[in-house]
Amino acid sequence: MARRISLKTAVNEAIDQAMQLDPTVIMLGEDIVGGAGAPGEMDAWGGVLGVTKGLYAKHGDRLLDTPLSESAYVGAAIGAACCGMRPIAELMFIDFMGVCFDQIFNQAAKFRYMFGGKAETPVVIRCMVGAGFRAAAQHSQMLTPLFTHIPGLKVVCPSTPYDTKGLLMQSIRDNDPVIFCEHKNLYALEGDVPEAPYAIPFGEANVVREGRDVTIVTYGLMVHRSLEAAATLAKEGIDVEIVDLRTLSPLDIDTVLESVTRTGRLVCVDEASPRCNIATDIAAQVAMHAFKALKAQIEQVAPPHTPVPFSPTLEDLYIPSAAQIAQAVRRTTGGK
Amino acid sequence: MARRISLKTAVNEAIDQAMQLDPTVIMLGEDIVGGAGAPGEMDAWGGVLGVTKGLYAKHGDRLLDTPLSESAYVGAAIGAACCGMRPIAELMFIDFMGVCFDQIFNQAAKFRYMFGGKAETPVVIRCMVGAGFRAAAQHSQMLTPLFTHIPGLKVVCPSTPYDTKGLLMQSIRDNDPVIFCEHKNLYALEGDVPEAPYAIPFGEANVVREGRDVTIVTYGLMVHRSLEAAATLAKEGIDVEIVDLRTLSPLDIDTVLESVTRTGRLVCVDEASPRCNIATDIAAQVAMHAFKALKAQIEQVAPPHTPVPFSPTLEDLYIPSAAQIAQAVRRTTGGK
Amino acid sequence: MAANNPFPLSRDALLGCYRRMRTIREFEDRLHIDFGRGDIPGFVHLYAGEEAAAVGIMSHLGDGDRIASTHRGHGHCIAKGVDVGAMMKEIYGRKGGSCEGKGGSMHIADLSKGMMGANGILGAGAPLVCGAALAAKFRGKGEIAICFVGDGASNQGTFLESLNLAAIWNLPALFVVENNGYAESTSRDYATAVNSYVDRASGFGLPGVVVDGTDFFAVHEAAGEIIRRAREGGGPSLLECKMVRFHGHFEGDAQTYRANGELEDLRANHDCLKKLAAQLTSAGVASAAELADIDRQVLALIEQAVVDAKAAPLPSAADLLTDVYVKY
Amino acid sequence: MAANNPFPLSRDALLGCYRRMRTIREFEDRLHIDFGRGDIPGFVHLYAGEEAAAVGIMSHLGDGDRIASTHRGHGHCIAKGVDVGAMMKEIYGRKGGSCEGKGGSMHIADLSKGMMGANGILGAGAPLVCGAALAAKFRGKGEIAICFVGDGASNQGTFLESLNLAAIWNLPALFVVENNGYAESTSRDYATAVNSYVDRASGFGLPGVVVDGTDFFAVHEAAGEIIRRAREGGGPSLLECKMVRFHGHFEGDAQTYRANGELEDLRANHDCLKKLAAQLTSAGVASAAELADIDRQVLALIEQAVVDAKAAPLPSAADLLTDVYVKY
Ligand SMILES: Cc1ncc(C[n+]2csc(CCOP(=O)(O)OP(=O)(O)O)c2C)c(N)n1
Ligand SMILES: Cc1ncc(C[n+]2csc(CCOP(=O)(O)OP(=O)(O)O)c2C)c(N)n1
Ligand SMILES: [Mg+2]
Ligand SMILES: [Mg+2]
């Protein structure tokens, strides 16, 4: 039975059901319960935006509030994952990765290879990504490319409540370390989500709109901006296909190549900084593997090479807009 | 007067001369002097591979050995840079960035923008990069893409002793934060280097070999592998142009585009992991800005999406070889 | 009157400190209201209730002394002399703001005043302060640098490493733990495995002092002592200020983790401004009317700052791309 | 003879410990020679001289107890029961190595023995051990986890944060500081701003103990006490072992930072193996001949390990791409 729930609720439900299904699932993070040691309400916060609210009431001490020590508790989640647990660590904002990146990219990501295939590290690191919250340079980054670059990590960034629940459940049952990116500006988005637990396999992109003239490849919030752009372009007679990658690593390059082979045109849209990002990654792979199919230059739409500005005026200019995406499509289709 | 010196000596000389020229230049790092507090020789190490050996004798306490606390001392270098000094911090291996990345990417990189243009952070972070030392997964990474991705940072990776001295002197006098990457397998490389101080401007790529048929874009150790490949290919009648980027951020895309516009063919070679790396970045920019000039697919040569293996047998297979580069060139030229 | 002044500061200096504390309070209380109205974007963390610490410490500093602040930075800024009008514009995201609208509440800085920035990353100021102190040591003019850190952030590795670094290099660096009992909704006692920060400091060879952070004079005295020592080459120390937070962790926080009546009690019995006012008036250093006069002036100042901020121009598209590098 | 055994371990157990210590010594001294010959690639950090710590502690552990090691990991591996032949193959980069040749000296692990890996990143084991201890707490079988850390690495934020985390969660986690006086060429006293790690532990609410790490029995006893407490839910502790390093920081280190005669003195007067041998023989628990016999067996074992390693197949191109993910 599907109901309309928000993406935020989908996260909560996925964790709740995973905890019901598997007693080794635990969760660690700052204020994910809230009120630890305080005189008032326990479960006071459920995370900084209330995403995990209510889980403590159901699962008790399997959710642990942590001190402000990301290296220690993200590392602890990784260590516990090597010892039979399936921990979820909440990093709050992905921007905080700089104080705990070693545990993620040199430890979790590399154990299996360094140890000759003898380790499994089924840990999920959940974090908020993206701009638009007027939270400025240190709380608004996308940073997905940094994790996608690292062999040994899997990187997920859903665009809908349905995908969120299914991909998070897969992340938790997956036997490799997963970086699960939740766009803070999508938490309120509602959509149909089945009540029963389900998992969406990694490495399967989703064609969210079929079209003949040009392929847009993107993920996260930019899926929605691209859909907006497509609606505008439809009126101009340009028929856009949109591929939502859903998982950035593993990457479903086949779906991308197949689409571009049909349309002959590609626009890669990314909310991450422009250098060495997901858009350039996709563009490069297509320029290598489907060059013959290309009828025009591959356009990339990304924010400028600047930190995320605070002022709403500037931040709105910073985030790639539907208009910019449409413009890029027009450039590569030559107006059509 | 130019003499032949090693790349390692070029690093030492650049720091030495910068310290002579500017009293605000200081240097911080683990064992960069060596023997601190120990009963034996002072200046016992000069860094883990002896690169800074002898500088303490010349400049005394302007070189400070640090505790094993990268966040604290890299951050201290950044803080001092905001307060009138020009510090050089040695991170030893770039692989250690995970314990101090926040100070680099959220602090140094963003101060100027976050503070509305009112800060200058003239810090240099020197580190060793690259594989081939049989040093395994946590001491062999390239990781240049992670820094190149970040707005506010400059990223340098020289391939010759001459470039090393000139670019390091520029890095030290530069007013922005610079990540200076030294390939440990190039330290022994010798080349002509003028004795007098000189600086090479950032954002100027170097065409290290001119050719008509295909452009290879690369940097660091891969420049030399590419030259080897070009020599082989010359015998097959394929005339290769090689662009050594030297600085990855800022990027001299003009030289790349100009070259590809002439040759019509592009191979991007990178020692960094394949996803979201420098090779994909260049490929994507060319596919966007010089598409019409392209006669064939853009090839990329990079290691596999795996950590760096320890076993010499495997590590040699891991690092892109001249043969692989030549093969990629043949693929995009169709044998010619 | 001055003859009878029992305090270690002149009447003028005392009234100046009172004015700064009042300015912080008024600034914060006004933001609380304007945020509630939806006028202010982003995350806003208010310093109200903690003023005695910032002002008590900063009263010993000059522009050549550096501080690194936290996410809860407005109080440190004002106490360090950052222009209140520019701060308000910054928080409103306007041109003419301390950071031209690019930083916002969490990133206000003014290097000309020795204010190295509020910081959105917990603990990040500590290494920076080691660097500022190192630079001061090289300059040799007796300048110092101070890192502010919350009780929660005192568990960050960056902060802990810095204690050790400052100690072994004998830096003129001070670490002020602003212990307001909470990190977001989590109590200090849950998250921190030691009761006294003096013990934590000892573990890094640093002397430590604890003071009642709601008592301006206690802070002033303790800070004066360790600042003097640092200026004279005596090295780093840690100062714990036990204090209270009057608003939520950030604006929008329902604070259900507090005990019933906790906030009322704090405001009634642990208000550092009320305390200072009482101390000044009962010693006869200033009359209630004089203080009320200052209060009115501060109110007008803040009102004007809001009016000016709202009237200030918004940044434009061109501003988006500037100030990333000095030269690129 | 057993009747007169004055030690807290049976004769068999004692001879087993002696054998392990001797195995580590022989393993390391052999690597020293083979590295010098150019047979061994990469960075190699030798544990020789520090054996009493690893074996003294590990003699209390079972396979269900976890340890996280350092860059100087061979001794911890052997003491924890990792197969010496597989280790040698690993260091030679061969198939059949503990990590199939993919990890090398700095990354030997054997999760089936509770050995969570040597680690090329200083301090990185501490958070992992918190996790292992947390998992043990959830399992509730009285298992524990131990983090080894060098005196130098004890200044890493990751390690310091972990002390606090282990304390507030009352984890069955132990932190062993292997204080050999140096981090690379830098002396402990230069880099660490406190003389006693017990004081550092106190700053995180942890009990701490210092022992002579070259005295097997001292280590055994101190470790036994804190391990028992941890198993019973008494929480984490820190154990400082004062010890000596017989070789350079890594192979190739000229060690000019040492005092004249320092190494000779260490080897003559602070050799934990000699000490244990003397204690065993003088108490009459074992004869010199019996120990010499063990020594010969160990020598043969190591010789065989080297022969086997050199004969083992090299990894092949296909191996390059496997083991990155469980499934991708
Ligand atoms: C590295 C990092 N982790 C987490 C956060 C999110 N965060 C912001 S403020 C805060 C609580 C800080 O508590 P404390 O240090 O006591 O300061 P206070 O807010 O009480 O002044 C948290 C967890 C952050 N900004 N940076
Ligand atoms: C994060 C990090 N920083 C620096 C290094 C380089 N490094 C390897 S071993 C070492 C010294 C370690 O000293 P200590 O912790 O005392 O251990 P010991 O070598 O004495 O056993 C250093 C600096 C590293 N591997 N990781
Ligand atoms: Mg607090
Ligand atoms: Mg040591």
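The values are calculated or read from the model by the stated rules, or taken from the named source; none is laboratory data. Nothing here was measured: the structure is a model prediction, and the numbers come from that model. For neighbour counting, all protein chains shown are included, and Cβ atoms are generated from backbone atoms with ideal geometry for every residue, glycine included.
When region A:31-65 is filtered for residues that are in contact with a helix residue (DSSP H, G or I) (Cβ under 6 Å, 6 or more places away or on another chain) and within 15 Å of ligand 3 (Cβ to nearest atom), the ones remaining, listed by number, are A:Ala36, A:Gly37.
For A:Pro309, state whether it is under 19 Å from the mean Cα position of the chain (by Cα), surrounded by 21 or more Cβ atoms within 10 Å (Cβ to Cβ), within 14 Å of chain C (Cβ to nearest Cβ) and in a loop (DSSP other than H, G, I, E, B). Here the answer is no, as A:Pro309 does not meet what is asked.
Taken as a whole, the structure places D:Ala136 among residues that are part of a helix (DSSP H, G or I) and either of a type in the set (Gly, Ala, Ser) or within 11 Å of ligand 4 (Cβ to nearest atom) (or both). Looking across region C:304-328, the residues that are acidic (Asp, Glu) and within 12 Å of chain B (Cβ to nearest Cβ) come down to C:Asp319, C:Asp323. Of the candidates C:Ser187, C:Ser196, the single residue that is in contact with a Gly (Cβ under 6 Å, 6 or more places away or on another chain), over 29 Å from B:Cys83 (Cα atoms) and of a type in the set (Ser, Thr, Tyr) is C:Ser187. Among residues of region B:185-218 being surrounded by 23 or more Cβ atoms within 10 Å (Cβ to Cβ) and touching a strand residue (DSSP E or B) at 6+ places or on another chain (Cβ under 6 Å), the one that is nearest to B:Pro161 (Cα to Cα) is B:Val193. Being facing another protein chain (nearest Cβ under 8 Å) and at pLDDT below 95 holds for only one residue in C:Val194, C:Val129, and it is C:Val194.
With the requirement that a residue be part of a loop (DSSP other than H, G, I, E, B) and within 16 Å of ligand 4 (Cβ to nearest atom), what does region D:165-192 give you? Before the answer, list the steps.
Quick first cut of region D:165-192, residues part of a loop (DSSP other than H, G, I, E, B) only: D:169-172, D:180-181, D:184-185, D:192.
D:Asn180, D:Gly181, D:Glu184, D:Ser185, D:Thr192, listed by residue number.
I need a count of the residues in region A:290-306 that are closer than 21 Å to A:Val240 by Cα and either part of a loop (DSSP other than H, G, I, E, B) or more than 20 Å from the chain's Cα centre (by Cα) (or both). Selection size over region A:290-306: 11.
The set of residues in region B:103-139 that are facing another protein chain (nearest Cβ under 7 Å), in contact with an Asp or Glu (Cβ under 9 Å, 6 or more places away or on another chain) and of a type in the set (D, E, K, R) comprises B:Arg112, B:Lys118, B:Glu120, B:Arg134.
Note on region C:221-232: among residues that are under 15 Å from C:Ala53 (Cα atoms) and surrounded by 24 or more Cβ atoms within 10 Å (Cβ to Cβ), the one that is nearest to the other protein chains (Cβ to nearest Cβ) is C:Ile226.
All of D:His45, D:His60 fail the test of being out of contact with any Leu (no Cβ under 8 Å at 6 or more places or on another chain) and within 14 Å of another protein chain (Cβ to nearest Cβ), apart from D:His45.
Within region B:67-101, being within 7 Å of chain C (Cβ to nearest Cβ), of a type outside the set (A, V, I, L, M) and touching a strand residue (DSSP E or B) at 6+ places or on another chain (Cβ under 7 Å) holds for B:Tyr73, B:Cys83. From the residues in region D:112-133 that are more than 14 Å from the chain's Cα centre (by Cα) and outside any helix (DSSP H, G or I), which one is nearest to D:Leu239 (Cα to Cα)? The extreme case among them is D:Gly123. Taking region D:162-215 as the range and being among the charged types (D, E, K, R) and either within 12 Å of ligand 2 (Cβ to nearest atom) or surrounded by fewer than 19 Cβ atoms within 10 Å (Cβ to Cβ) (or both) as the test, the residues that pass are D:Glu178, D:Glu184, D:Arg188, D:Asp189, D:Asp199, D:Asp212. Counting only strands (runs of 3 or more DSSP E) that fall entirely inside region B:198-261 and contain at least 2 residues that are in contact (Cβ under 8 Å) with a residue 60 or more places away in the chain, the qualifying elements are B:214-218, B:240-244, B:247-249.
Take the conditions (1) within 16 Å of ligand 4 (Cβ to nearest atom); (2) more than 19 Å from the chain's Cα centre (by Cα); (3) under 20 Å from B:Met42 (Cβ atoms); D:His249 misses just one of them, which is (2). Scanning region C:166-209 for residues that are of a type in the set (A, V, I, L, M), within 16 Å of ligand 1 (Cβ to nearest atom) and under 21 Å from the mean Cα position of the chain (by Cα) turns up C:Val176, C:Val177, C:Ala183.
Note on region B:267-297: among residues that are closer than 14 Å to A:Gln297 by Cβ and more than 7 Å from chain A (Cβ to nearest Cβ), the one that is surrounded by the fewest Cβ atoms within 10 Å (Cβ to Cβ) is B:Lys292.
Condition test on A:Gly130, is it within 27 Å of B:Met114 (Cβ to Cβ), buried (at least 24 other Cβ atoms within 10 Å of the Cβ) and more than 12 Å from the chain's Cα centre (by Cα)? Taking the combined requirement at face value, the residue does not satisfy it. Of the helices (runs of 4 or more DSSP H) entirely within region B:91-195, none holds at least 2 residues that are within 24 Å of A:Phe147 (Cβ to Cβ) and within 16 Å of ligand 1 (Cβ to nearest atom). Looking at the structure I just gave you, is C:Cys147 buried (at least 24 other Cβ atoms within 10 Å of the Cβ), more than 14 Å from chain D (Cβ to nearest Cβ), assigned to a strand (DSSP E or B) and in contact (Cβ under 8 Å) with a residue 12 or more places away in the chain? So C:Cys147 passes the test. Which one of C:Gly261, C:Gly235, C:Gly284 is touching a residue at least 40 places away in the same chain (Cβ under 8 Å) and surrounded by fewer than 18 Cβ atoms within 10 Å (Cβ to Cβ)? Exactly one of C:Gly261, C:Gly235, C:Gly284 is touching a residue at least 40 places away in the same chain (Cβ under 8 Å) and surrounded by fewer than 18 Cβ atoms within 10 Å (Cβ to Cβ), namely C:Gly284. Scanning region D:92-111 for residues that are surrounded by fewer than 24 Cβ atoms within 10 Å (Cβ to Cβ), at the interface with another protein chain (Cβ under 8 Å from one of its Cβ atoms) and either in a loop (DSSP other than H, G, I, E, B) or among the polar types (S, T, N, Q) (or both) turns up just one, D:Arg94.
Taking only pairs six or more apart or across chains, which ones have beta-carbon atoms under 8 Å, a first residue in region B:93-106 that is more than 16 Å from ligand 4 (Cβ to nearest atom), and a second residue that is modelled with pLDDT under 95 and part of a loop (DSSP other than H, G, I, E, B)? Close Cβ pairs satisfying both conditions: none exist. Got a number for residues in region B:173-198 being within 14 Å of another protein chain (Cβ to nearest Cβ) and under 21 Å from B:Met128 (Cα atoms)? Of the residues in that region, 8 qualify. Determine whether region B:228-239 contains at least one residue that is under 26 Å from B:Ala119 (Cβ atoms) and more than 14 Å from chain D (Cβ to nearest Cβ). No, region B:228-239 contains no residue that is under 26 Å from B:Ala119 (Cβ atoms) and more than 14 Å from chain D (Cβ to nearest Cβ).
Of the helices (runs of 4 or more DSSP H) that lie entirely inside region B:1-88, those containing 1 or more residues that are hydrophobic (A, V, I, L, M, F, W, C) and within 20 Å of D:Arg258 (Cα to Cα) span B:55-59.
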